[in-house]
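Engineer: Before I ask anything, here is the structure I am working with.
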Amino acid sequence: MVTTSNGLAALRMAPWLLLAAFLTACGGGGSDQPPPVSAPIITSAPGAQTVRAGEPASFTVAATGDALGYQWERNGVDLAGETSTTFTLSRALLTDQGALFRARVSNSGGTVVSESASLSVQPAGTLTLVAGSLTEARHEDGPALSARFSNVAGLAFDNTGNLYISAMERIRKLDAAGTVSTVALVPYIPFSDSHPYGLAMDGANTFYFVNDLPIRPPGGDMGWRRIMTATLDGSVSVFVNTRVTRRAIAADSAGNVYVVGGGYQLVKFTPSKTSIDITVPDPARRIESFALAADGSTVYYAAGNQISKLVFGSPPTILAGSGQAGTADGVGSQAQFDIPPFSALMAVDSAGNVYVAENGRIRKVSPDGRVTTIAGPGMLAGSAADLVGSKLFPTSMTTQGLNTLYIGTAYAILRLDLP
């Protein structure tokens, strides 16, 4: 048999051709490039959220695919650092109403964008001007919105729904019909701060408030003041001269009066004017404000950026606050307060909810220690919300029933209705 050179070459290549065919059939011998990566597939888009101002709002996306990366957008603009499956707006404000949030999910195979989810923000409360003016200061009785106040410093309700106001050497009354009148005049003390601060009522409709001593005792510092009383017939008298370091004051139905004493501790004065320390003076935990429950059995106080509860006859317990200054809401020690000296205010309602005014915010502490911010910048609706501006700085505060706070500012009385 004669074999040509071409045929001989073909015979020599035949085994290699067979091997190549075998490898191809087995899937080998081809390209060493990995198979293409599929683009992500969104399996669950973020859903619309409705919250009250001050509450958090969370949006979550779910997707399938390899090596996924996430980027959240608000109204089409990237949110810096928000690169996980969930985005949480820690505290929604009214200015967030209608904002659209979506997630962009990417890998080497491509990018997909979720449907947008809308955020609806309801007001945390409604703020209404009920008496006086937010800009005018003077003394004028009459219809509530025509009346004028100066240096509102205390609020107290009687059992029939009349609101009493201590303001600039006067005790004023806002009756249920909406008329302001003057109940008592506080004597002026030359070269002294003679304005009434705080206001409390006992079961006999006697008022109690704090103002300066006409003459300080030898060595007496600015803490020396006196507790005064006033009655509905207009008489004003001295209850006791004492050292009072904060302007909060309370009275129970039996006529016991409570103030913050010279050691920044709670002090009770009995109707016979005997003083009893309710808490132990502690320089590291100065009491800045307090509120007495309506039944007189429990007092709540702010000290060391914490809110404590004291049931008379039992040791005090810390209701809320980590002790570190801050604004975080939460339960118990998760929450933070930033309670300033001298200007903090407290009130308590009939259900045991405690309200704390601090640095332009009002916080609510429920009986289980849960803290929520109920008033602050961008959280309130109502006729007075825009007038107040970005922050609310009360000078006095009290409750009426549940979910209603009355707030004194320098020249006005406001009502905050909570949902």
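Engineer: Cβ neighbours within 10 Å, averaged per peptide: list 126-134, 243-251, 56-64 in order, most packed at the top. Don't jump to the answer; show the numbers that get you there.
Structural biologist: Working: 126-134: 20.2, 243-251: 23.6, 56-64: 17.6.
Final packing ranking: 243-251, 126-134, 56-64.
Engineer: Which ³J(HN,Hα) values, rounded to whole Hz and listed in residue order, are derived for the stretch 151-167 from phi using the Karplus coefficients 6.51, -1.76 and 1.60 in 6.51 cos²θ - 1.76 cosθ + 1.60 with θ = phi - 60°, glycine and proline given as x?
Structural biologist: 6, 4, 9, x, 9, 7, 9, 8, 6, 10, x, 7, 9, 10, 10, 9, 7
Engineer: Another question about this same structure. FRET efficiency for residue 90 and residue 233, Cβ-Cβ distance as r, R0 = 51 Å, nearest 0.05? Walk me through the intermediate numbers first.
Structural biologist: Numbers: r = 53 Å, r/R0 = 1.04.
With a Förster radius of 51 Å, E is 0.45.
Engineer: Per residue of the stretch 41-52, what does 6.51 cos²θ - 1.76 cosθ + 1.60 with θ = phi - 60° give for ³J(HN,Hα)? Whole Hz please, x for Gly and Pro, Karplus curve as stated.
Structural biologist: 10, 7, 9, 8, 7, x, x, 4, 10, 10, 9, 8
Engineer: Moving on. Taking the chain as a Gaussian network, where each spring joins two C-alpha atoms under 10 Å apart, which residue of 186, 280, 371 fluctuates the most?
Structural biologist: Taking springs between Cα atoms under 10 Å, the residue moving most is 280.
Engineer: Report the label-to-label distance for residue 141 and residue 253 in nanometres (one decimal), using points 7 Å from each Cα along the Cα→Cβ vector.
Structural biologist: A separation of 3.0 nm, rounded to one decimal place.
Engineer: Pop out the Kirkwood hydrodynamic radius of the stretch 282-414 from its pairwise C-alpha distances, inverse of mean 1/r, in Å to one decimal.
Structural biologist: Values: mean 1/r = 0.0670 Å⁻¹.
With all distinct Cα pairs of the stretch 282-414 included, I get 14.9 Å.
Engineer: Determine one quarter of the surface area of the Cα convex hull of the stretch 58-194, which equals its mean projected area, and express it in nm² to one decimal.
Structural biologist: 14.5 nm²
Engineer: Note down the nm distance, to one decimal, between modelled labels 7 Å out along Cα→Cβ at residue 39 and at residue 75.
Structural biologist: Those two pseudo-labels are separated by 2.8 nm.
Engineer: Treating the Cα atoms of the chain as identical point scatterers in vacuum, please give the log10 of the normalised Debye intensity I(q)/I(0) at q = 0.07, 0.12, 0.14 Å⁻¹, two decimals.
Structural biologist: Debye intensities relative to I(0), on a log10 scale: -0.46, -0.97, -1.20.
Engineer: Which cross-chain or sequence-distant (5 or more) residues have an amide H under 5 Å from the amide H of residue 184, H modelled 1.01 Å from N in plane?
Structural biologist: Amide H to amide H, under 5 Å and 5 or more residues apart or across chains, residue 184 pairs with 171.
Engineer: Hey, if we sort 416, 79 by accessible area with the 1.4 Å probe, largest down, what's the order?
Structural biologist: Order by accessible area, largest first: 79, 416.
Engineer: How large is the accessible surface of residue 295 in square angstrom, using a 1.4 angstrom probe and rounding to the nearest 10?
Structural biologist: Rounded to the nearest 10, the figure is 110 Å².
Engineer: A follow-up question, please. Ranking request for peptides 306-313, 264-271: highest mean number of other beta-carbon atoms within 10 Å first, then the rest in descending order.
Structural biologist: Ranked by mean Cβ neighbours within 10 Å, highest first: 264-271, 306-313.
Engineer: Against the longest alpha carbon principal axis of the chain, how many degrees, from 0 to 90 and to the nearest 10, is the axis of helix 5-25 turned?
Structural biologist: Tilt of helix 5-25: around 30 degrees.
Engineer: If amide H atoms are built 1.01 Å from N in the plane of the peptide, which residues on other chains or at least 5 residues away come under 5 Å of the amide H of residue 242?
Structural biologist: Placed amide hydrogens put 225, 226, 227 under 5 Å from residue 242.
Engineer: Ordering 136, 358 by how much accessible area each has at a 1.4 Å probe, largest first, what is the list?
Structural biologist: Solvent-accessible surface, decreasing: 136, 358.
Engineer: Quick one: what are the phi-derived ³J(HN,Hα) couplings along the stretch 273-287, Karplus 6.51/-1.76/1.60 with θ = phi - 60°, whole Hz, x for glycine and proline?
Structural biologist: 6, 7, 9, 9, 6, 8, 10, 8, x, 9, x, 7, 9, 5, 6
Engineer: Quick one: Debye curve from the alpha-carbon atoms of the stretch 222-290 only, equal weights, vacuum; give me log10 I(q)/I(0) at q = 0.20, 0.22, 0.23, 0.24 Å⁻¹ to two decimals.
Structural biologist: Here the Debye-derived log intensity ratios amount to -0.80, -0.95, -1.02, -1.10.
Engineer: Follow-up question, since we're still on this one. Which aspartates and glutamates have a Cα less than 17 Å from the Cα of residue 273, not counting those fewer than 8 places away in the same chain?
Structural biologist: 202, 252
Engineer: I'd like to compare 89-95, 284-290: which one has the highest average count of other Cβ atoms within 10 Å, and what's the full order after that?
Structural biologist: In descending order of packing, they fall as 284-290, 89-95.
Engineer: Give me the percent of the accessible area of the chain that comes from carbon and sulfur atoms, probe 1.4 Å, all protein chains in place.
Structural biologist: Here carbon and sulfur together make up 54 percent of the probe-accessible area.
Engineer: Right, next: How much accessible area per residue does the chain have, counting only protein heavy atoms and a probe of 1.4 Å, in square angstrom?
Structural biologist: Per-residue accessible area for the chain comes out at 47 Å².
Engineer: Let me ask something additional. Can you give me the C-alpha center-to-center distance between the stretch 339-365 and the stretch 320-338, rounded to a whole angstrom?
Structural biologist: 13 Å
The values are calculated or read from the model by the stated rules, or taken from the named source; none is laboratory data. What you see is a predicted model; the values in this text were computed from it and never measured. Cβ sites come from the backbone with ideal geometry, for glycine too, and all protein chains shown count toward neighbours. Accessible surface areas use protein heavy atoms only, side chains included; no ligands, DNA or RNA. Shrake-Rupley method; radii C 1.70, N 1.55, O 1.52, S 1.80 Å.
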